[in-house]
Amino acid sequence: MQNSSVDYIKLASNKAKGKRPYFFEDPAVERVLNITMAIAGELAVARERIDTLERLLEKKGIVSREEIEHYVPDSAIIEEERQLWHSEYISRVLRIIQQEMEELQNPDKTVEEIAEDINKM
Amino acid sequence: MAAKNLPPVWNKMAKHAMLPETTHDERARYNFLASLNKHLAHVSQGNQMAFDKRVEPDFKKDHGRGFTTREEVKEAMKKDPHYQAWSALRRCTMEMRQQAGRSLVLRQAEDLKEKAESLNKGKKTLILDKECQPPPYLLAVDNHLMPGSYHTEVIEGDVSAAANYDSGVFVTTAGLLGKFNDGGGKAISHWMKTTHSEFKPKRILDIGCGMGHNVLPIAMAYPEAEIIAIDTGAPMLRYGHARAMDLGIKNVTFMQVEASQTPFEDESFDWIQTTMFLHETGGKSIYKIMEEIYRMLKPGGITLHIEQPQYTDEMSLFEQFIRDWDAYYNSEPFWSKMHDIMPDELMTKSGFNKEDFMQIGVKAINDLDDGKTKADEPEDHGRSPVWNVFGAWKH
């Protein structure tokens, strides 16, 4: 369902008023991050669609596009499985952030320093 | 260990005639973004760690003293790599949420407009005023990074801004406001019904009603009352009225009126409510609006305002700083300034008696809560559906 009078693809990505803040010293890093996160999101979307297909195929052995468009989880277990997948997926993609937090919590020696230590062991 | 808390899937949202149609992928995109928001609340814990372990110690070393203002904390934290990464991801998530919502509502803008027109046609409970302009504080910024804010019309008779808001607030709050996004309105009407069961308001005003999600629970709790809900955004009012019609709630009149200059008579309302509205006003307007509220309120009437917690001396500078994030980077600039205004002073300057001032805490009533024990979660500052409510009876 599309309305030709509205250029919804362009308008959807409009900027909000106010100069955009950049948090990293190099804005190029942030640009890459934003593109990467958009791709991450689209992979999640594709994965959810595949999940739907698999479940429908399993259920009926045959699948129509209409069925895919209207599928929504029909049990609390499936809802939970799907949201759990998102949670795991996000954690995987943002691994480095978690690792930096762990490092912050428990500062480590560099492997070069450990090599020196081991050399004396 | 309790089970991991997962946000509800988007299709748990209550269906009504105005809710935009969604494809499978559009729902999946919202599910991803709700999960991402939830994940980032955990990543935010690293900000406190970075502050405690390096930002504050480094500042003390350099300055020979600790932080004295939240602005100093902000300047120092801006250089911290963890804070930079979390901020960049959070900003990106907010922008993605707007893009996801706009892409799905704008493609069906004409259909949504027609749906609203058919539900609104011939009804006296929707009163629009072409002369009513959005106030300057709304024109200065697109609140919460919503391009075009509440008032922009992409086509004549547009409702897309409201459809975007309605479908997406569920994502930003990870469903914690319930399936109608009305946890705030439910909480305040429940509080009134249980704490002041003797109070029988005949006429209630909701200011800055938006798409009316928080005024409808009040209208349902007081079906005999006449409710007037005002806003300056025509798309919000058209959508909100159509939504209320479809939900069978008939005692609310949606009017396009600016809050600081209303056409209502002196002492003509028993209850005047705002919900998450005042922090989207301005430094002078907030006082004008409160004076207007005082004027319109009947003696014996009450006014209540649901807001995020104020910044007090008891709140750590770090917490003030982290609560400020949304103000600057999710574009709600008055949020920070307003939290320095003491609500009791705001009320007394507008005419209320100091002894009539009241302040309570309320939590959203969430009809999606399954009652299961949840794992402990870090507070997502500025996003938690736990609010400070202040107000006063007028005597």
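The values are calculated or read from the model by the stated rules, or taken from the named source; none is laboratory data. This is a predicted model, so every value here is computed, not measured. Positions of Cβ are generated from backbone atoms using ideal geometry, with glycine treated the same way; all protein chains shown enter the neighbour counts.
Whether a residue is more than 18 Å from the chain's Cα centre (by Cα) and closer than 18 Å to B:V215 by Cβ was assessed, and B:D270 passes this test. Criterion applied to B:P263, B:P223, B:P309 was being within 23 Å of B:V362 (Cβ to Cβ), modelled with pLDDT of 95 or more and surrounded by fewer than 24 Cβ atoms within 10 Å (Cβ to Cβ), and the one residue passing it is B:P223. Within the range B:39-58, being more than 7 Å from chain A (Cβ to nearest Cβ) and over 17 Å from B:S87 (Cβ atoms) holds for B:D52, B:E56, B:P57, B:D58. Residues in the range B:56-76 that are buried (at least 20 other Cβ atoms within 10 Å of the Cβ) and either closer than 26 Å to B:S384 by Cα or in contact with a strand residue (DSSP E or B) (Cβ under 8 Å, 6 or more places away or on another chain) (or both): how many? Counting residues in the range B:56-76 that are buried (at least 20 other Cβ atoms within 10 Å of the Cβ) and either closer than 26 Å to B:S384 by Cα or in contact with a strand residue (DSSP E or B) (Cβ under 8 Å, 6 or more places away or on another chain) (or both) gives 3. Within the range B:355-395, the set of residues being over 21 Å from B:I218 (Cα atoms) and within 17 Å of the chain's Cα centre (by Cα) comprises B:D380, B:H381, B:G382, B:R383, B:S384. Being more than 27 Å from the chain's Cα centre (by Cα), more than 29 Å from B:A244 (Cα to Cα) and of a type outside the set (K, R) is a property that B:V43 lacks.
Filtered by the rule that a residue be at the interface with chain A (Cβ under 10 Å from one of its Cβ atoms) and in a loop (DSSP other than H, G, I, E, B), the range B:86-137 gives B:R107, B:Q108.
Test of understanding: among B:F269, B:F321, B:F254, B:F277, which residue is aromatic (F, W, Y), crowded, with 19+ Cβ neighbours inside 10 Å and over 29 Å from B:K124 (Cα atoms)?
Exactly one of B:F269, B:F321, B:F254, B:F277 is aromatic (F, W, Y), crowded, with 19+ Cβ neighbours inside 10 Å and over 29 Å from B:K124 (Cα atoms), namely B:F321.
Of note, B:K79 satisfies the criterion of being within 14 Å of chain A (Cβ to nearest Cβ) and either out of contact with any strand residue (DSSP E or B) (no Cβ under 9 Å at 6 or more places or on another chain) or loosely packed, with under 14 Cβ neighbours inside 10 Å (or both). The residue of the range B:1-35 that is modelled with the highest pLDDT, among those that are of a type in the set (S, T, N, Q) and assigned to a helix (DSSP H, G or I), is B:N31. Scanning the range B:21-38 for residues that are more than 9 Å from every other protein chain (Cβ to nearest Cβ) and surrounded by fewer than 23 Cβ atoms within 10 Å (Cβ to Cβ) turns up B:T22, B:N37.
Restricting attention to the range B:233-272, the residues being of a type in the set (S, T, Y) and in a loop (DSSP other than H, G, I, E, B) number 3. For the range B:329-367, a residue qualifies if it is part of a strand (DSSP E or B) and over 30 Å from B:R91 (Cβ atoms), and the qualifying residues are B:F357, B:M358, B:Q359, B:I360. When the range B:304-328 is filtered for residues that are free of Cβ contacts under 8 Å to residues at least 60 places away in the same chain, within 16 Å of B:E72 (Cβ to Cβ) and aliphatic (A, V, I, L, M), only B:M315 remains.
At least 3 residues being surrounded by 15 or more Cβ atoms within 10 Å (Cβ to Cβ) and more than 7 Å from every other protein chain (Cβ to nearest Cβ) is the threshold, and among the helices (runs of 4 or more DSSP H) wholly inside the range A:7-113 those reaching it are A:27-60, A:76-93. Residue check: is A:A38 over 24 Å from B:T22 (Cβ atoms), at pLDDT 85 or above and under 22 Å from the mean Cα position of the chain (by Cα)? In short, no.
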